[in-house]
Structure formats: structure tokens, C-alpha cells
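S.K.: Encoded as C-alpha cells, here's the structure I'll be asking about.
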Amino acid sequence: MIFSPQSKVWIYQSNRKFTEQEAAEISDILNRFVDQWTAHGSQLKAKAEIFHNYFIVLTVDQDVANATGCSIDSSVRVMKEIESKYGLDLFDRFNMAYKIDGEVHVATKEDFETLITIKKIGLDTVVFNNLVQTLADFEQKWEVPLQDSWHKNIFAEQLNG
């Protein structure tokens, strides 16, 4: 299925890595959800994917039908159910995800600051910009060096210290 570059994306980042079994089960839950996901009775052209066993990405091609408040609420309910069932936190925006040697890690904002201070994370470290809103931005601006991300402004003091 081909999606418009302007398709809307929502990224849910876990506070911990999914096990392989959890990822398979979560994929099943998500696939069942998107297969029946509607907005005002219209089937949404949607997909759900898991990346790096940390991220759940929902995509809706709004050229076909727009996600509405009710349909977005239903997706949040599914995420809350997944959180509860697997003991995850998918809504803490202060968890920072980054890559070192190709491996994804998640840290609290405070631990992330410490990693910058002790030079384990620098301007070239790849971080995840979960604020991207379109499929095009997801594909081009989701995994970026810290120096090209909003993270640089938030952690400027530590980076320059």
C-alpha cells in the first residue's frame, strides 16, 4: 500500500524495549485495530508499524479520509490498552531516545542531560524527533543528529558546558 507523503503520523515511544513476543503480539493488536479504524463511518487508509522494538507509528493517508477527533481518541485508547497490558509507558514525552553504535536507547530527560554532560552523547548522536507530523518528515527527519533536532535547544546549556 502506498501512502501520500502528507499522510499524518503519530509516534508512540516506549520507555523500554519490547521483547520479540511482545512486538509480535502488539503488531497483531495494531493490525486488528487499523483494519477496522474508521472516521465517521469511513474506513481510514491506515497502517501501524513497530520500529526498533521501541516505537509504534500510526500512519493515516488523509487524501483518502481524515482522522477525526473520535478516531484519534480510539487510537489513543488502543495505546492505553497496550500500555496497561504490557506494563509500558507510551506517553512520557520526557523520555529521550537516541542511538549509540546503531542501538537504540531510551533515557529520562535527567539521565539524557547527564549523558551529554559526561560526553556520552554529543551533537553527532542520532536522536529521534517524535514530533514529526507527516510521513515525508518521518522518513527524512525522524532519525537525525542531535545538532539538527529540537533537542539541541532544550539541552544547549549541557552541550555548550
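Every read-out reported here was derived from the displayed coordinates using simple, explicitly stated rules and does not represent laboratory data. As the structure is a prediction and not an experimental result, all values here were calculated from the model. Note: ideal-geometry Cβ built from the backbone for every residue, glycine included; neighbour counts use all protein chains shown.
S.K.: Kindly provide the set of residues from region 50-68 that are crowded, with 17+ Cβ neighbours inside 10 Å and not in a loop (DSSP other than H, G, I, E, B), ordered by number.
M.R.: Of everything in region 50-68, those that are crowded, with 17+ Cβ neighbours inside 10 Å and not in a loop (DSSP other than H, G, I, E, B) turn out to be Ile50, Phe55, Ile56, Val57, Leu58, Thr59, Val60.
S.K.: Could you check region 12-55 and list, in sequence order, the residues that are of a type in the set (Val, Ile, Thr) and out of contact with any helix residue (DSSP H, G or I) (no Cβ under 8 Å at 6 or more places or on another chain)?
M.R.: Of region 12-55, the ones of a type in the set (Val, Ile, Thr) are 19, 26, 29, 34, 38, 50.
Of everything in region 12-55, those that are of a type in the set (Val, Ile, Thr) and out of contact with any helix residue (DSSP H, G or I) (no Cβ under 8 Å at 6 or more places or on another chain) turn out to be Thr19, Val34.
S.K.: Here is a list: Arg32, Arg77, Arg93. Which entry is touching a residue at least 12 places away in the same chain (Cβ under 8 Å), not in a strand (DSSP E or B) and not hydroxyl-bearing (Ser, Thr, Tyr)?
M.R.: Every option except Arg93 fails the conditions.
S.K.: Moving on. If I go through region 1-47 residue by residue, how many of them are under 23 Å from Asp137 (Cβ atoms) and of a type in the set (Phe, Trp, Tyr)? Break it down stepwise before answering.
M.R.: Step one: list which residues in region 1-47 are under 23 Å from Asp137 (Cβ atoms), which gives 1-14, 30, 34, 37, 39, 44-47.
From what's left, of a type in the set (Phe, Trp, Tyr): 3, 10, 12, 37.
Going through region 1-47 one residue at a time, the tally reaches 4.
S.K.: Next question. When the residues of region 93-125 are narrowed to those that are of a type in the set (Val, Ile, Thr) and either surrounded by 17 or more Cβ atoms within 10 Å (Cβ to Cβ) or touching a helix residue (DSSP H, G or I) at 6+ places or on another chain (Cβ under 7 Å) (or both), which ends up nearest to Glu49 (Cα to Cα)? Break it down stepwise before answering.
M.R.: Taking region 93-125 and keeping what is of a type in the set (Val, Ile, Thr), we get 100, 104, 106, 108, 114, 116-118, 121, 125.
Then keep just the ones that are either surrounded by 17 or more Cβ atoms within 10 Å (Cβ to Cβ) or touching a helix residue (DSSP H, G or I) at 6+ places or on another chain (Cβ under 7 Å) (or both); that gives 104, 106, 116-117, 121, 125.
On the way: Val104: 16, Val106: 19, Ile116: 30, Thr117: 34, Ile121: 27, Thr125: 24 Å.
Among those that are of a type in the set (Val, Ile, Thr) and either surrounded by 17 or more Cβ atoms within 10 Å (Cβ to Cβ) or touching a helix residue (DSSP H, G or I) at 6+ places or on another chain (Cβ under 7 Å) (or both), it is Val104.
S.K.: Still on this structure, please answer the following. Output the number of the condition that Leu88 fails; it satisfies all remaining conditions of (1) in contact (Cβ under 8 Å) with a residue 40 or more places away in the chain; (2) in contact with a helix residue (DSSP H, G or I) (Cβ under 8 Å, 6 or more places away or on another chain); (3) of a type outside the set (Phe, Trp, Tyr); (4) under 19 Å from Arg32 (Cα atoms).
M.R.: (4)
S.K.: Which one is nearest to Tyr86 (Cα to Cα) among residues in region 32-49 that are surrounded by fewer than 19 Cβ atoms within 10 Å (Cβ to Cβ) and over 17 Å from the mean Cα position of the chain (by Cα)?
M.R.: Arg32
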